[in-house]
Amino acid sequence: MALIKKAMFSYSVFAEKSLSACRYLAIIVAIAAPVSTAVTSVASVAMLLTWIVSGYSWSSLKISARQPAGKMLLVFFAWLVISSLYADTSWADKITTLSSWKKLIFTFVLLGLFYQAQWKTRFVSYYLAAMSSAAVLSVFLWLLDIHVRGEAGIIMTNYTSQSLAFVIAVLCCIFLLKEPLSRVQKGLLIGLIALFIVNIFFISPSRSGYLALPVAVVFLFVNLYGYKKLPHILGVMVAALLLVALTSTTLQQRIKLAVEENNNAQTSENLTSIGVRDIFRKNTWELIQQKPLLGYGTSSFKAVYSAHVATKYQDWRGESVSDPHNQYLFVWLENGLVGLLLFLIYIFTAIRQGVVQQSYGVIAASVLVAFAATSLFNSHFKTFPEGHLLAFFVGCLLAEQGLA
């Protein structure tokens, strides 16, 4: 009997340590997502392995399934699988596309792991520490005009990943300003916010960051301070954006370029960032109108779109592509109006869960609002760095507390 009790105790200790390792690895993935695809991939696999060997996997999945966002994730992913059955593509293509949505599976798993407040606190603290160091290094390289990855000051996978990572860091800082902190600590947070804003608007040329920050910050402030403060919040935000617009050469150049590309979208002889999105939108919508309810099936976009444009254009407009740079049009074309509605309901449900929960859930809801906005012009739910960043922040911080 004593040996049995000792063995049970040893296994209990091992299981708890495995679960802690799993949570720390989740934090590592969130930090690594915008920086290194290799570290993100390895840490993600290690996280799943430690989760499985902990013996807690089935219990955590049940916790995830009890939450509103978890339920909608299951429904949406089930439709993705069903939709793949009527896609006129190979099984390899179907599996590849379903795999590109695996970030949602990570979110579902994490909803059942981060139900304790101390782990959410660690998550935010470690993330802020890492992003603060990255922001300082970025400014240093920018001032010295040192190029590491493209533009001076860009040190992460790309400028969009870096910008969105810093947008999330700003949200974390704003949230923490409501905590009972000393003047020194609050001053440090305000300084970090300024540092991140310099990175987002003066160093990074990412238009996604320009859109995500004001949208997410207004949403977060409203939920922290109430709708009665909305006029004041909007006033301060408009004033701050005007100041940035008048002082940031990078922002001015990117906005000017966007306007020019949009005006020449239909006549340009060369592929441009805004022009190609206009072509994607137009042709994707034409295809959606032919099968609006059920779509063409999961994994069908590349084959269907490529066949459609090949007969219309003889230049860059007729090139084969696998994504329209609009998450909602992508889902609608592949999974129909049914899939799009399920996807939108998941987003709404997750945002509502975060708002109702308050605490760290408000950060998760604000992050989701930001990515929902940028996904009008990108597919950030599916792209590797942004998709993992979103999935892990939503999963870890949205998890309802005290469900275990």
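The values are calculated or read from the model by the stated rules, or taken from the named source; none is laboratory data. The shown structure was predicted, so the numbers you read here are calculated from the model rather than taken from an experiment. So basically every Cβ, Gly included, is an ideal-geometry build from the backbone, and we count neighbours across all protein chains shown.
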Among the residues of segment 264-288, what is the count of those that are farther than 18 Å from His325 by Cα and in a helix (DSSP H, G or I)? 0
Condition broken by Ser125, with the remaining ones in (1) without any contact (Cβ under 8 Å) to a residue 40 or more places away in the chain; (2) loosely packed, with under 13 Cβ neighbours inside 10 Å; (3) closer than 25 Å to Leu368 by Cα satisfied: (2)
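Could you look through segment 213-245, keep only residues that are of a type in the set (Gly, Ala, Ser) and closer than 19 Å to Cys173 by Cα, and pick out the one that is surrounded by the most Cβ atoms within 10 Å (Cβ to Cβ)?
Ala216
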Any idea how many residues of segment 156-189 are part of a loop (DSSP other than H, G, I, E, B) and not basic (Lys, Arg)? 8
So in segment 370-404, with the set limited to residues that are surrounded by fewer than 24 Cβ atoms within 10 Å (Cβ to Cβ) and in a helix (DSSP H, G or I), which one is nearest to the chain's Cα centre (by Cα)? Gly387
So for segment 390-402 (the condition being at pLDDT 95 or above, among the β-branched types (Val, Ile, Thr) and over 22 Å from Cys173 (Cβ atoms)), does at least one residue qualify? no
Test: residue in segment 135-150 that is crowded, with 18+ Cβ neighbours inside 10 Å, at positive phi and outside any helix (DSSP H, G or I): no
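For segment 111-125, which residues satisfy the criterion of being within 17 Å of Met47 (Cα to Cα) and assigned to a helix (DSSP H, G or I)? Please lay out each step first, then the result.
Narrowing segment 111-125 to residues within 17 Å of Met47 (Cα to Cα): 111-115, 119-120, 122-123.
Answer for segment 111-125, where residues must be within 17 Å of Met47 (Cα to Cα) and assigned to a helix (DSSP H, G or I): Leu111, Trp119, Lys120, Arg122, Phe123.
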Taking only segment 310-324 into account, find how many residues are under 22 Å from Lys94 (Cβ atoms) and in contact (Cβ under 8 Å) with a residue 24 or more places away in the chain. 3
Qualifying positions in segment 305-327 - within 27 Å of the chain's Cα centre (by Cα) and buried (at least 18 other Cβ atoms within 10 Å of the Cβ): Tyr305, Asp323, Pro324, His325, Asn326, Gln327
If you check Ser273, Ser268, which single one turns out to be under 23 Å from the mean Cα position of the chain (by Cα), modelled with pLDDT under 95 and of a type outside the set (Lys, Arg)? Ser273
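Results for (1) over 21 Å from Ala130 (Cβ atoms); (2) free of Cβ contacts under 8 Å to residues at least 60 places away in the same chain, shown as yes or no for each residue.
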{"residue": "Ser12", "(1), (2)": "yes, yes"}
{"residue": "Lys17", "(1), (2)": "yes, yes"}
{"residue": "Ser20", "(1), (2)": "no, yes"}
{"residue": "Ile27", "(1), (2)": "no, no"}
{"residue": "Ala30", "(1), (2)": "no, no"}
{"residue": "Val45", "(1), (2)": "no, yes"}
{"residue": "Leu48", "(1), (2)": "yes, no"}
{"residue": "Ile52", "(1), (2)": "yes, yes"}
{"residue": "Ser57", "(1), (2)": "yes, yes"}
From the residues in segment 76-118 that are under 16 Å from Val362 (Cα atoms) and of a type in the set (A, V, I, L, M, F, W, C), which one is nearest to the chain's Cα centre (by Cα)? Leu111
Do the conditions hold for Ser366, that is, is it farther than 12 Å from Thr107 by Cβ, outside any helix (DSSP H, G or I) and hydroxyl-bearing (Ser, Thr, Tyr)? no
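Going by the structure shown, is Ser125 under 20 Å from the mean Cα position of the chain (by Cα), of a type in the set (S, T, N, Q) and not assigned by TED's automatic domain parsing to the domain that holds Leu195?
no
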Residue check: is Gly112 under 30 Å from Val338 (Cα atoms) and surrounded by 23 or more Cβ atoms within 10 Å (Cβ to Cβ)? yes
For Lys94, which of the numbered conditions (1) surrounded by fewer than 23 Cβ atoms within 10 Å (Cβ to Cβ); (2) out of contact with any Ser or Thr (no Cβ under 8 Å at 6 or more places or on another chain); (3) in the same structural domain as Ala365 (by TED's automatic domain parsing) fails to hold? (2)
